[in-house]
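The values are calculated or read from the model by the stated rules, or taken from the named source; none is laboratory data. Since this is a predicted model, take the numbers as computed values, not measurements. Neighbour counts run over all protein chains shown; Cβ positions are idealised from the backbone, glycine included. In case anyone asks, the SASA skips ligands and DNA or RNA and just uses the protein heavy atoms, side chains included. Shrake-Rupley method; radii C 1.70, N 1.55, O 1.52, S 1.80 Å.
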Amino acid sequence: MTTGVRRRLGVEERRQQLIGVALELFSQRSPDDVSIDEIASAAGISRPLVYHYFPGKLSLYEAALKRASDDLAGRFVEPHEGPLGARLLRVMRRFFDFVDDHGPGFAALMRGGPAVGSTATNALIDSVRQAAYVQILSHLDVANPPARLELVVRSWISLAESTALIWLDGRRIPRAELEVQLVHDFAALAAVSAAYDEEMGTLLRHMLRNEPTDGPFSELVGRLISLAP
């Protein structure tokens, strides 16, 4: 027979619980609209006890953001198997899964929120972008990227962020279409750069060498050809 007495959480367990609760609330509404009282209530503890573990909402937000940023960075990890276009499409699906699940918090982070502008927050955002950058380079088998390739990859990561923010504002474009479009955008950026640089041209040919006729890169070529007069 159980007594019904709840086990008292240790310090780290309680911190992780509060981070999880805060992340869930920040995922539903902008962090500016979530109060410490709401977080305490959702966690089943008192407001003063929240302050025992975190100095204020900013520090709790940064801790929740750290967990979310680790999750988001992990969405760009993909096995090096199969055509590049298919790999990038799987990455974009996982990326939009995250955006879909954490919409208000993602938008607040990118557009402005309680911790935006702080050194810790900027470092977390940069760490996600850098993780994505490193992952994409690894799929291209490039260890020391030339300047034009760095421009292509970093521009594409920025484009993915902007596209996700626009999509969240009303979701007027089907998500699946945007996921494919972003893969097309990557190929298009690489192709434009290749038109100006032979090294990028060699890389582009390498990218397309093993692409199947039903893959996203081949689909883009077909769509572009259909636009020709």
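Assorted remarks:
- Among the residues of the stretch 66-76, none qualifies, meaning not one is without any contact (Cβ under 8 Å) to a residue 60 or more places away in the chain, farther than 19 Å from L124 by Cα and in contact with a helix residue (DSSP H, G or I) (Cβ under 6 Å, 6 or more places away or on another chain).
- Every condition in (1) at pLDDT 95 or above; (2) more than 12 Å from V152 (Cβ to Cβ) holds for N210 except the one numbered (1).
- Members of the stretch 26-52 found to be in contact with a helix residue (DSSP H, G or I) (Cβ under 6 Å, 6 or more places away or on another chain), hydrophobic (A, V, I, L, M, F, W, C) and part of a helix (DSSP H, G or I), listed by number: F26, I36, I39, A40, A42, A43, V50
- Considering the stretch 1-53, and only residues there that are open to solvent by 70 Å² or more (accessible area, probe 1.4 Å) and among the aliphatic types (A, V, I, L, M), the residue that is modelled with the highest pLDDT turns out to be V11.
- Positions within the stretch 172-228 being free of Cβ contacts under 8 Å to residues at least 40 places away in the same chain, touching a Gly at 6+ places or on another chain (Cβ under 8 Å) and under 25 Å from D101 (Cβ atoms), in sequence order: none
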